[in-house]
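A.B. asks: Below you will find the structure I want to go over with you.
The values are calculated or read from the model by the stated rules, or taken from the named source; none is laboratory data. As the structure is a computational prediction, the values presented were derived from the model and not from experiment. All Cβ positions, glycine included, derive from the backbone under ideal geometry; neighbour counts span all protein chains shown.
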Amino acid sequence: MRTLTNFLAFTFILSTSLVSAQTRETCNQNLSIFAESAKVKNYDAAYEPWNAVRAECPKLNRAIYTYGERILKSRLKNAVGATKNAEAQDLMKLYDQWIENFPSRKGRNMIGSILASKAQTMMDYKLGTTAGYTQLLMPLTLRISIVLPTQKVYTTTSKQCMLSIKKVQQE
């Protein structure tokens, strides 16, 4: 009885790893197919294999999201009526998945860049309101007000703060 249980457990583990290997190989093949199609801007041909990789192996490669953005923007441009809204929502979902699966690149945090692209896309395709864009980007900026002896007040982001101080000091 114990031997039968061990045999069944071993068979289950082996079959699970074989299925996983097949899925990974299929994902790699589809990744190659959609990447080549997207490189030559054949986004219609790239959509199906890209969508399969996105669904089955979302953490396989960053190209899923970089090319996916191009593919969905192309589909959004060509969409009409109700499909346009569905494509827009899919693109917004892609940005969220991108942040979830690939928040950094070469050790550098990319969340701000991805959110900026999301906000720009929302503005370009009129997918939200100005308040929505601001709410999306507000966590990315730290507002600093600087009052210098010249009585000039500068409100700036934290990245621009040092440049503003140097500029005022030179005046």
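A.B. asks: I'd like the full set of residues that are assigned to a helix (DSSP H, G or I) and either crowded, with 17+ Cβ neighbours inside 10 Å or acidic (Asp, Glu) (or both), limited to the range 52-62.
C.D. replies: Selection gives Ala52, Val53, Arg54, Glu56.
A.B. asks: Condition test on Met123, is it farther than 29 Å from Arg24 by Cβ, in the same structural domain as Thr23 (by TED's automatic domain parsing), in contact with a helix residue (DSSP H, G or I) (Cβ under 7 Å, 6 or more places away or on another chain) and surrounded by fewer than 18 Cβ atoms within 10 Å (Cβ to Cβ)?
C.D. replies: Details: farther than 29 Å from Arg24 by Cβ: yes; in the same structural domain as Thr23 (by TED's automatic domain parsing): yes; in contact with a helix residue (DSSP H, G or I) (Cβ under 7 Å, 6 or more places away or on another chain): yes; surrounded by fewer than 18 Cβ atoms within 10 Å (Cβ to Cβ): yes.
Yes; evaluated as a whole, the condition is true for this residue.
A.B. asks: Name, by its number, the condition in (1) closer than 24 Å to Ala46 by Cβ; (2) over 14 Å from the mean Cα position of the chain (by Cα) that does not hold for Glu69.
C.D. replies: So Glu69 meets the others, but not (2).
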